[in-house]
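The values are calculated or read from the model by the stated rules, or taken from the named source; none is laboratory data. Just so we're clear, the structure is a prediction, and the values are computed from it rather than from any experiment. Quick reminder, even Gly has a Cβ in these numbers, built from the backbone with ideal geometry, and neighbours come from all protein chains shown.
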Amino acid sequence: MNERPELLKAYRKGSKKAYETIYMEYEPIVRRFVKRGFSFSSQGRLCSFKGHGDSSDTDCVVQETFLRVFSEAARQGYDGIRPFKNYVLSIAKHEILGALRRKERVFKNEMSEEGREAIAQAHVHESFNGTIKRPDAGLLKDELSDITRSFLETLDEEEKVFFRIRFVVGETQMASAKRMACTRARIKLLEKRLRTAFLAHLRHHGYFESYTPKARWTRKEGLAA
């Protein structure tokens, strides 16, 4: 960046044109880095992040990285001497490692035995606040519990924590993001992914086979955000 003084100056001032130039040039580099992974040391041990591959997690990290790159703190913190590529990748690495630490901390804080039991007992009509139409009221709750439990067994720890906070406890997206120490964008991605997966799981067990969800903007009822 020191070889491009005008771009550096514009970047530090927060120029949108500079943002566009930097994003177009460095977004592919960041994306490859996030997809492939990297090695790092933790408490004296050599560890490895295997990468997110082609997934929504990669998109999320790339978005968060450039939000940080374009923040005032990052703009003023760049000395203009070290390679800008290394600076951007260090921010991406920090974002990934931070997310891993937050996931571990949230899991320890939220996933008590009581929390696991609460998740396992959540029923479909309670889980999604009525945004998916309820099946016939005469269906046995035990069957719904078994279906919900089998779905939860397919989730990773972050998704289980999210499921409990968002659908069992009933927190808003903003409150869920605060409790999980992540961004609302991350919460939206998790919610979209789990809704789609849960509907597919229900259909696999014979529910909602002819039901097609409407676009969010056409629904009269929606989740509080």
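Here are the numbers for the structure shown:
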item	result
Residue in region 2-20 that is farther than 29 Å from Gly80 by Cβ, among the polar types (S, T, N, Q), surrounded by 13 or more Cβ atoms within 10 Å (Cβ to Cβ) and outside the structural domain of Arg193 (by TED's automatic domain parsing) present	no
Subset of region 158-172 that is at pLDDT below 85 and among the charged types (D, E, K, R) - its residue that is farthest from Thr196 (Cα to Cα)	Glu171
Any helices (runs of 4 or more DSSP H) falling wholly within region 1-94 and containing at least 3 residues that are under 24 Å from Arg184 (Cα atoms)	16-36, 56-69, 72-77
Qualifying residue in region 73-86 (condition: within 17 Å of Arg36 (Cα to Cα), surrounded by 15 or more Cβ atoms within 10 Å (Cβ to Cβ) and at pLDDT 65 or above)	no
Qualifying residue in region 24-33 (condition: crowded, with 16+ Cβ neighbours inside 10 Å, touching a helix residue (DSSP H, G or I) at 6+ places or on another chain (Cβ under 9 Å), among the hydroxyl-bearing types (Ser, Thr, Tyr) and closer than 22 Å to Leu100 by Cβ)	no
